[in-house]
Structures are given as C-alpha cells and as structure tokens.
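For reference, the structure discussed in these notes is given below.
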Amino acid sequence: EKRYGEISEEIHQRLDFELATIANTGYPGYFLIVQDFCNKARELGVSVGPGRGSAAGSAVAYCTGITNVDPIKYQLLFERFLNPERVSLPDIDIDFDDAGRDLVIQYVRDKYGANMVSQIITYGTMKGKSAIRDAGRVMGLPLPDTDKIAKCMPDNAELSNILNWDEKKLGNELSGEDFANAKVLRMKANEHGPEGEVIRLAASIEGSVRNTGIHACGVIITPDVITNYVPVATAKDSDMWCTQFDNSVVESAGLLKMDFLGLKTLTLIKDTIRIIHERHGIDIDIERIPIDDGLTYQLFQRGHTSGIFQ
C-alpha cells in the first residue's frame, strides 16, 4: 500500500507468486537481512542505489525498500532473479556510496556478531609476464635481460600455449607484433643458455597462486560461528575475518553471499545535492527525480556521459 496506494489484481497476483517462490526456495531470511541493512544505511545517511541487475525484477524487493524501481511498471521479470523451475542463489547487488559502505558492514558485524560475518578471499594467479620476472630474479638473470624477455610476452596469451602450439594455431590466436614477439619467445625457449632456462621455468610456474586479496564486495553472514562452516583468515590491514575459500567454493559450500558495493558515483550525487542546497537553497530528492527530463536527454545526445554508472 505504501508503494502502490491501491493494490490491483495484477499487483496482488505478482506479489503472491513472488512470496510463494521466495518461501519455497528458503530465502525469506535473505530478503529480511538485506532489507534491514538497506534501511539502516539510509538511517545512517548512506546513499543506497536504486537497484540494478536481476533483483530489480522483484516486486517484493521494491515493496520492502531493497530496490527503488517498480518492476511492474517497467515489465521486468521476477523469473530472471528467482525461478521456481531452476533454484539458484539469489544475487542482490546493493550499491552504497563508497564513503559509507564500511559503516553498513560495521552495522552488520555489530548486529550478527563479528564471528558470523566475513569477507571473501580472492586468489591472484601468476600471469606469463610476472612468471618470467620472478623466474629471472630467482635464476639471477640480469634485470635488463629479464625485462627484455618479459616485454616479448603478449598480454592476452599464455606462455605455455606459446611454447606448445604450432605456428598456424599461434598465428590464428595472435596477430601483428604479438605474433612476432611470441616467435622470439619460442626461439629463446629452445636455447640452452640462461634465458631459455628462465622461459621454460616461467612456463612451469605460470598459473600458480601468487597472492591473496579480498573480494571487492562479497560479504558472508552465517547463522552460527563461521568457523563451523569454512576455514577463515584475517583480512589484510583489518581485524575482520575472511574465508579461506574463494567465491565459487563458498557458494558450493552452501553459504550465501551478500554484495556490498561501494560506488563513488553515489558519493558524487550526495555531495552535489548537498552543495546545491548550500548554494541555492534547493532540496533535491534523488529518489523522485523525473526520468523524462528533456535537458538530461540533450546532455546524453551530445555524448556527455562520462561518470555515468549503469
């Protein structure tokens, strides 16, 4: 009623269908948790994005204040988000202004317990160039020589493929300067000197895990202490835990990922509205701006679209 005023038969049927699907797939708790931290974010003065991706197709998400786009008005499909025929994990990307994102994560930690909230680890693997540089350093090859070899490595190729593929396949995959550089690498790899040894060694360590990082937005909230489900480590420069399983393994272990994205675009909008109020005494409600504004479309027609997200 708050969103629609009068609830038509179409809205009634849509909400009944969505609620039944959410209940049958076991995700009411997920919606309530997301609704809770979205409400809290607004209470704390943190900007929350209007919603994007498949979650914008949910009328339940719209009615509970998770999204701010009416899926019935714009004929968006709920089934893209949650389908009774094919149960997959729902994925609601929540955008917060980048200055306030940490406040929302801290609220979630305070509410559910620091030992039940964790970030997700990511594993960085060694690419061809860094494998050559590391191998050169370990093998004692002079830096200028190592650098020369590394610069021959095409960015969009794998060293192991360059060494193993025949010339025809290499020519199909790489073009111009990249192909010429790849041929130089192959020739050097067949030499018995230190350069050949470095390239062969680099090919054997390419793809190895080199470093860890933290998933840009993923946060796990568990119903019990997280160590009962997955191994954890301490996130870098933080006292917050992170899973030692990466994103795909965390999901297959049955844990649900929440996406807390920090957007500088939202911070810019918030700052702009504040400055307009301070300078001109005009209050703009970004949730209620018209989407048929002629001057805005003229701006788009001129191609002045840098800084626009999604």
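Would you call Pro223 assigned to a loop (DSSP other than H, G, I, E, B), touching a residue at least 24 places away in the same chain (Cβ under 8 Å) and at negative phi?
So Pro223 fits the description; yes.
Would you confirm whether or not the range 176-188 contains a residue that is open to solvent by less than 60 Å² (accessible area, probe 1.4 Å), within 30 Å of Phe245 (Cα to Cα), part of a helix (DSSP H, G or I) and small (Gly, Ala, Ser)?
No: zero hits.
Does the range 255-285 hold any residues that are aliphatic (A, V, I, L, M), open to solvent by less than 80 Å² (accessible area, probe 1.4 Å) and either farther than 30 Å from Gln244 by Cβ or out of contact with any Phe, Trp or Tyr (no Cβ under 9 Å at 6 or more places or on another chain) (or both), and which are they?
Passing the criteria: Leu266, Ile269, Ile273, Ile275, Ile276, Ile284.
Name, by its number, the condition in (1) under 21 Å from Ile286 (Cα atoms); (2) in contact with a helix residue (DSSP H, G or I) (Cβ under 6 Å, 6 or more places away or on another chain); (3) open to solvent by 40 Å² or more (accessible area, probe 1.4 Å); (4) part of a helix (DSSP H, G or I) that does not hold for Arg14.
Result: Arg14 fails condition (1) only.
Checking Arg80 against (1) without any contact (Cβ under 8 Å) to a residue 12 or more places away in the chain; (2) open to solvent by 60 Å² or more (accessible area, probe 1.4 Å), which single condition isn't satisfied?
Unmet for Arg80, out of (1) without any contact (Cβ under 8 Å) to a residue 12 or more places away in the chain; (2) open to solvent by 60 Å² or more (accessible area, probe 1.4 Å): (1).
Step by step: first the residues of the range 87-104, then only those that are open to solvent by less than 10 Å² (accessible area, probe 1.4 Å) and β-branched (Val, Ile, Thr), then the one that is modelled with the highest pLDDT. Which residue is that?
Val104
If I ask for residues that are buried (at least 18 other Cβ atoms within 10 Å of the Cβ) and under 17 Å from Tyr112 (Cβ atoms), which ones from the range 215-234 would you list?
Once the filter is applied, which keeps residues that are buried (at least 18 other Cβ atoms within 10 Å of the Cβ) and under 17 Å from Tyr112 (Cβ atoms), the range 215-234 yields Gly218, Val219, Ile220, Ile221, Thr222, Ile226, Tyr229, Val230, Val232.
Quick one: Asn39 ticks every box in (1) surrounded by fewer than 16 Cβ atoms within 10 Å (Cβ to Cβ); (2) at pLDDT below 95 except a single one, so which number is it?
All conditions pass for Asn39, except number (2).
Starting from residues that are touching a residue at least 12 places away in the same chain (Cβ under 8 Å) and not in a loop (DSSP other than H, G, I, E, B), keep the ones in the range 286-310 and report whichever is surrounded by the fewest Cβ atoms within 10 Å (Cβ to Cβ).
Applying the filter and picking the extreme gives Glu287.
Considering only residues that are open to solvent by less than 100 Å² (accessible area, probe 1.4 Å), at pLDDT below 85 and not in a loop (DSSP other than H, G, I, E, B), which ones fall in the range 159-173?
In the first step, residues of the range 159-173 are kept if they are open to solvent by less than 100 Å² (accessible area, probe 1.4 Å); the result is 159-163, 165-167, 169-171.
When the remaining residues are screened for being at pLDDT below 85, the result is 165-167, 169-171.
Matches in the range 159-173: Glu167, Lys169, Leu170, Gly171.
Within the range 117-158, how many residues are assigned to a strand (DSSP E or B) and surrounded by 18 or more Cβ atoms within 10 Å (Cβ to Cβ)?
Matching residues across the range 117-158 total 5.
The values are calculated or read from the model by the stated rules, or taken from the named source; none is laboratory data. This one's a predicted model, so the numbers in the text were calculated from it and none came from an experiment. Please note: Cβ atoms are built from the backbone with ideal geometry, for glycine as well, and neighbour counts cover all protein chains shown. What goes into the accessible areas is simple: the full protein's heavy atoms, side chains included, and nothing from ligands, DNA or RNA. Shrake-Rupley method; radii C 1.70, N 1.55, O 1.52, S 1.80 Å.
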